[in-house]
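See below for the structure under consideration.
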Amino acid sequence: MTEPGTGAASPLAGGAPEQRRPAAWGRWLAHFLVAPSGVLLFLAVWTILAIELPPSRLVSPYAVAVDLWNNFLRSPRLEVFGLGRTGYGALLLYTTRNVLVGLVVGSAVGIVVGIASARLRPLRLIVDPIVLVLGTVPVLVAAPLFLLWFGVVPFTQVLLVGGYSAVMMVIFAQRAAANVDPVYEKSAMARGASWRDRLFLVLIPGTLPEILGGLRITLASAWGLETFAEILGAPSGIGQAIKTLTNVNNVAGMLACVSLVALTAIIMDMLLVALARWVTRWA
Amino acid sequence: MLMVETQSAVSIDRLSVVFERDDGTRVQALRDVSLDIGEGEFVCVLGRSGHGKTTLLNVVAGLIPSYSGDVRVLGKPVKAPGVDRGVIFQKDAVFPWMRVEDNVAFGLRVSGMPKPERLRVAREHLDLVGLRNVPRAWPRELSGGMRARVAVAGVFASDPPILLADEPFGALDYVTRRQLQDVLLSLWERTGKTIMFVTHDVDEALRLATRVIVVSNGSVVEDQAVDLPMPRSDDALATPRGLELRHLLLHHIGLE
Amino acid sequence: MASRRERLVSVASGIGVFVALVLLWELLSRIVTATGSYDEPLVPGWGYLWSNSLLRMADYWDGSLGIPSTVEGDPPTYAAAILALGKASLITFQRVLIGLVAGVVVGVGLGVLVSMSSLARRLLAPSVHILRMTPFLAMIPLFNLWFGAATIGIILFVAYGVGVIMFIGAINAVGNVPRVYFDRAATAGAGLATRYRLIVMPAIVPELRASLLLSIGLAWSLVVAGELLGAQEGLGVIVIYALQFAYTGRVMIIAFLFILYAGISFALVEAVSRWFIRWHHQTT
């Protein structure tokens, strides 16, 4: 069975059995036209739905873009509802910072614990039961508790994202370490490698492709977690904007904020893919 | 041996196949191949990896629809796969989600044979390949050699006049491979099917074929009848004629 | 392959870890005695959780079935507390179940359908990627706006999230079916319909099962999120009330229930679905 989280990858990655290969120019055309026309298709369906539905339910991508443009640097509307002198941009920055801090700290812990527990049995006996429960459980239930314990501060959201990242990355790192063919470590040992060499020259590079794949999946979910934690209660962030705009039924603003998070998530994912491709160019 | 047929089972006239790589460069997999296989012949297509022998088989099987030239099976041009040609694949193609007998009966199921009848035929053929005891097993419970027997039984159960095999025993160990060669030979003698068998193994070709075709760089470089009596023991292959043929084939695939 | 003895050791250490965590929590509750508003301890010990938080769930019982409600001034009883939790659980469970089933059916159906055409697959790929990367949890307010914050909205929200995951899972699974199976079916004379019925549908089950198991955790997450933002009844609603009075213990009780339910449903589906892949070599 492949890893359950391949969901974050583009469905093209799998590639179904191609029955007939198109000619060269056809493939060129397909490559350069199908993806953009796919995006256009998405926007077209959205626009048609927006025309059919009343503006209190859905507005067109164009209206969303206009709202985004007008409120990105400064949004008087958000000011009125108590978020201070701010705009979508500044709120997005808060969200992004929390996601990245949580992700980096959480996954660093998770990766170290994951790799270590894959090779040290006593550690594994302690880690596995915890991960078994936390890995299948909605992390979200911790959000209200964190809010009660730590209050309406950035740390509350960072802890949620960080905890989630740690658990996910323990699972991915363990699996990655289990999938590194033992023959590489045996070969390294046979050539006199110390445990440190084995760790840094074999285990870490060998697990990197899978770990980066896991990081991608974790990052994709982290945005939702952060935004939700912000809606529940935060001093700032795009989730607060969504909450405020919901209270006044501002559909264009809600869609603008959700699109903004999605866009950021997509860009960050692309950056991570580029990084992963460079780091694992041998694979 | 029966060699009196007038109709050819497979006739290939000036066949060329060009593949295009993803980077746009072209590879000529087959160049101007002409070939005639009579009914009841056991033809081995011999060659090194990457020299076009699997492509040749896939064209005849109908799995490569875009080729230039004329390819006919039993007089009809080849455009797509058909029930007149059974294929044993190089990769393990036994469906893991079907029990052994359902795998063997698959072709009959597709052609609409009722269940009791097709299971009877399947069990008969499992018997013929020496798998009497495992009709209800899952393929994962069988060894590679047993799965190869399932593949052989499946293709004979469907009873196509022509059988195409693409290095079907390549992944098996020596003893198992020899056993499966015997199974295949006995089924061939029993049914008189036309067989086109792709291999890179000179000894396998000499043991099985009535005729060996050597493919090199996309062209047929040798077409040699193997006039050794069947069944061919190791001693029979060690006769002067056997050794002569062996040297000839080795020479054509680039050794000696 | 773990031997019998090794498995015994890991089960024993698992139990040991949980006992240690339970004791650690009790210790922490003795050390941190700070209280929030309404005199609720921030770190409630097990005794408090049992005698106060659990008992006080009776506050959410409506007084039917002859079990009195605390609203009319009767003292809280464990019977009322259990009934209140049970009723809320049923409502939440129903949302998870309907949303999960709807999402799986629609997602897999559309995924298999789209996978039939390579052009459709590539044309839809960007839309699917956008939907996948748009954080589900950020969309709850939109679902509330479109379909209402009541049961229907939450069910559709769960179905949407699960549907997207299963749709992608189905397309990937069809793409991963080895080409040689299609070839064998084609050479045996199978048409497109037969190929989908006898090859694709069974071959994708192991990967679909992996996506399904992933979806269960997701479905519970989505239902928690949906209920926390504006539902009228269900387990999440108890959390909303508890949050208003900073009742940490009650929030913890509901969190435990969610963890329990998610764990049980995961284990249940994993065990039952194993039968469908008994042919698969990795039936672990």
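Please verify whether residue C:144 is among the polar types (S, T, N, Q) and either under 24 Å from residue B:106 (Cβ atoms) or more than 9 Å from chain A (Cβ to nearest Cβ) (or both), treating the condition exactly as stated. So residue C:144 does not fit the description; no. In segment A:234-277, the residue that is farthest from the chain's Cα centre (by Cα) out of those that are surrounded by 21 or more Cβ atoms within 10 Å (Cβ to Cβ) and of a type in the set (D, E, K, R) is A:243. Taking segment B:4-35 as the range and being at positive phi, exposed (fewer than 14 other Cβ atoms within 10 Å of the Cβ) and more than 14 Å from chain A (Cβ to nearest Cβ) as the test, only B:14 passes. Only one entry in A:237, A:213, A:224 is touching an Asp or Glu at 6+ places or on another chain (Cβ under 6 Å) and either closer than 15 Å to residue A:67 by Cα or in the same structural domain as residue A:109 (by TED's automatic domain parsing) (or both), namely A:237. Scan segment B:223-231 and give yes if some residue there is on the phi > 0 side of the Ramachandran plot and in contact (Cβ under 8 Å) with a residue 24 or more places away in the chain, otherwise no. Checked segment B:223-231: no residue is on the phi > 0 side of the Ramachandran plot and in contact (Cβ under 8 Å) with a residue 24 or more places away in the chain.
Do you know which of the residues in segment A:33-87 that are among the aromatic types (Phe, Trp, Tyr) and within 11 Å of another protein chain (Cβ to nearest Cβ) is nearest to residue C:147 (Cα to Cα)? Before the answer, list the steps.
Looking only at segment A:33-87, we keep the residues that are among the aromatic types (Phe, Trp, Tyr), and these are A:42, A:46, A:62, A:69, A:72, A:81.
Now drop any that are not within 11 Å of another protein chain (Cβ to nearest Cβ), which leaves A:42, A:46.
Numbers: A:42: 21, A:46: 17 Å.
Residue satisfying both the conditions and the ranking: A:46.
Checking the structure you have, find out if any residue of segment A:175-193 is surrounded by 15 or more Cβ atoms within 10 Å (Cβ to Cβ), in a helix (DSSP H, G or I), β-branched (Val, Ile, Thr) and without any contact (Cβ under 8 Å) to a residue 60 or more places away in the chain. No, every residue in segment A:175-193 fails to be surrounded by 15 or more Cβ atoms within 10 Å (Cβ to Cβ), in a helix (DSSP H, G or I), β-branched (Val, Ile, Thr) and without any contact (Cβ under 8 Å) to a residue 60 or more places away in the chain. Every condition in (1) in a loop (DSSP other than H, G, I, E, B); (2) of a type in the set (Val, Ile, Thr); (3) at the interface with another protein chain (Cβ under 7 Å from one of its Cβ atoms) holds for residue B:64 except the one numbered (3).
Taking segment A:232-273, which residues are facing chain C (nearest Cβ under 10 Å) and farther than 23 Å from residue A:42 by Cα? Result: A:232, A:233, A:238, A:239, A:243, A:245, A:246, A:247, A:249.
Out of the residues in segment C:191-241 meeting the condition of being of a type in the set (D, E, K, R) and farther than 22 Å from residue C:159 by Cβ, tell me which one is surrounded by the fewest Cβ atoms within 10 Å (Cβ to Cβ).
C:197
Out of the residues in segment A:41-68 meeting the condition of being charged (D, E, K, R) and part of a helix (DSSP H, G or I), tell me which one is surrounded by the fewest Cβ atoms within 10 Å (Cβ to Cβ). Only one residue fits best here, namely A:52. So, in segment C:7-39, exactly how many residues are surrounded by 11 or more Cβ atoms within 10 Å (Cβ to Cβ), more than 9 Å from chain A (Cβ to nearest Cβ) and among the aromatic types (Phe, Trp, Tyr)? Within segment C:7-39, residues that are surrounded by 11 or more Cβ atoms within 10 Å (Cβ to Cβ), more than 9 Å from chain A (Cβ to nearest Cβ) and among the aromatic types (Phe, Trp, Tyr) number 1. As a summary of the residue check, residue B:151 satisfies the conditions (1) small (Gly, Ala, Ser); (2) touching a Phe, Trp or Tyr at 6+ places or on another chain (Cβ under 8 Å); (3) over 19 Å from residue B:90 (Cβ atoms) except for the one numbered (3). Every condition in (1) of a type outside the set (D, E, K, R); (2) assigned to a loop (DSSP other than H, G, I, E, B); (3) buried (at least 20 other Cβ atoms within 10 Å of the Cβ) is met by residue B:151 except one, and the failing one is (2).
What are the pairs with Cβ atoms under 6 angstrom where one residue, in segment C:228-246, is facing chain A (nearest Cβ under 10 Å) and the other, located anywhere, is of a type in the set (D, E, K, R)? Sequence gap at least six, or different chains. These pairs meet every condition: C:236/C:227; C:242/C:250; C:246/C:40.
Restricting the first member to segment B:162-187 and to residues that are surrounded by 18 or more Cβ atoms within 10 Å (Cβ to Cβ), and the second to residues that are among the aromatic types (Phe, Trp, Tyr) and in a helix (DSSP H, G or I), the beta-carbon pairs closer than 9 Å and six or more apart or on different chains are B:163/B:156; B:163/B:188; B:187/B:156. Suppose the filter is part of a helix (DSSP H, G or I), over 28 Å from residue C:226 (Cα atoms) and in contact with a helix residue (DSSP H, G or I) (Cβ under 7 Å, 6 or more places away or on another chain); does residue A:114 pass it? Taking the combined requirement at face value, the residue satisfies it.
The values are calculated or read from the model by the stated rules, or taken from the named source; none is laboratory data. Quick caveat: nothing in here was measured; it's all calculated off a predicted structure. Ideal geometry is used to build each Cβ from the backbone, glycine not excepted, and the neighbour counts take in all protein chains shown.
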